[in-house]
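I have placed the structure first, in the form of structure tokens, so that the comments after it can refer back to it.
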Amino acid sequence: MKYRCKAVCLLLTAAVFLLSGCGALSATNVPGSGAAEGGLVPITAGVAASQSSTAVLVGLQRGLFARNGIHLTLGRAATGAGAITQVINGQQQVALGGISPVVIAAGSRIPVQIVSGAVADRPSPQGAQYQTMVAGGSPIRSFRDLAGKTVAVNSLKCCWEFWIREAIEKDGGDPSSVHLVQLTFPDQLTALEQGKVDAISTAQPYATALRQKGYRDIGDSPAVAYDDPNADNTVFYMAKSFIDQHPGIVERWRKAVRESSEYANAHPDETRKAIVQQTSADPALVAMAPLPFYTAEVNRQVIEKEAAFAVKYGVLDVVPAYETYVVP
């Protein structure tokens, strides 16, 4: 069954939870005009105040971007189509987000390209990054049980919808029978607690907060959808025009993100402190919630699966050529 969507989806950064809007997060703010400053290329990155972008914040604070020839500013995040617009018109030079908006933009011949990975899911004793939560006494025990039920997701016609439908289908249920409603992460909590929805598809730290209240996790929907519990489903992307105007910038960016990711993964206590600084989240909750795996790698298999979901569920008619929206 096709699920038609005429507009570009509005996607909060994927793989990611949004705790609050963020303004400039760096003391090294400069206009992202593309003009070199002190030999460094100025880049304003659109990110959410979330743990998905914390490795970049840590890397910025430790001088890893400057060491790689980038004068980085962390700017206010847009979502989905808004982020695409900002990188195309030069307001920002790179944005953090899900795979779907880039694929859909490519399907409309909008020249944006994925330049690096950002974060990946991973199982842990504290739980996965993405969890599907139900009330403690709910009869729902698996994704198949969501058929015919009402489930809140962060966005429709994008990854959150794709993941739930795929998980239901792979568990033997009818994905067309689930009733999906779009709610922000905070509003999902209220809807679940009031019994207005049967389940929610959420992310950290919301899942951990609910588990502390006795709610249950029935599974990690992207892990099921991708057949990969460690799927890299959040990326950084740039306008092709910016890439063309700055030869070597993708390599610089990837190296800085790789070094930042390796440092953040190796220093979880420092990373958690940065999350609290960045999001103003409760330190006790941040201490309990699992961290994602930070990475600069681009996972072609995951990206191509998400592109195929966009066609399967009617957002695109055909899958665009991989090379048009991912820098090799």
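The values are calculated or read from the model by the stated rules, or taken from the named source; none is laboratory data. Remember, it's a predicted structure, so these values are computed and weren't measured experimentally. Cβ: placed from backbone, ideal geometry, glycine included. Neighbour counts: every protein chain shown. The accessibility values were calculated without ligands, DNA or RNA, using every heavy atom of the protein model including side chains. Shrake-Rupley method; radii C 1.70, N 1.55, O 1.52, S 1.80 Å.
Residue-normalised convex hull volume from the C-alpha trace of segment 120-279: 142 Å³ per residue. GNM on the chain, alpha-carbon springs under 10 angstrom: the most fluctuating residue among Thr44, Thr85, Thr295 is Thr85. From helices alone, the chain scores -10500 deg cm²/dmol at 222 nm; the rule is -39500 (n - 2.57) for each run of n ≥ 4 DSSP H residues, then divide by the residue total.
The alpha carbons of the chain stretch over 61, 46, 27 Å along the principal axes, in descending order.
For a quick check, take a GNM of the chain with Cα springs below 10 Å and name the residue from Ala66, Ala256, Ala207 with the largest mean-square fluctuation. Most flexible of the set in this elastic network: Ala66.
About the centre of its Cα atoms, segment 165-247 shows a dipole size close to 320 debye [charges on the beta carbon of Lys, Arg (+1) and Asp, Glu (-1) only; nearest 20 debye]. The relative contact order of segment 91-224, computed from alpha carbon pairs under 8 Å that lie at least 6 residues apart in sequence, is 33 percent. 3J(HN,Hα) along segment 234-244, derived from phi through the Karplus expression 6.51 cos²θ - 1.76 cosθ + 1.60 where θ = phi - 60°, amounts to 10, 9, 10, 9, 10, 6, 4, 5, 5, 4, 5 Hz, with x in place of Gly and Pro. Take the solvent-accessible surface of the protein heavy atoms, probe 1.4 Å, and return the percent of it on the chain that carbon and sulfur atoms account for. Carbon and sulfur: 53 percent of the exposed surface of the chain. Excluding same-chain neighbours fewer than eight residues apart, the lysines reachable from Lys149 by a Cα-Cα span under 20 Å are Lys2, Lys157, Lys170, Lys196.
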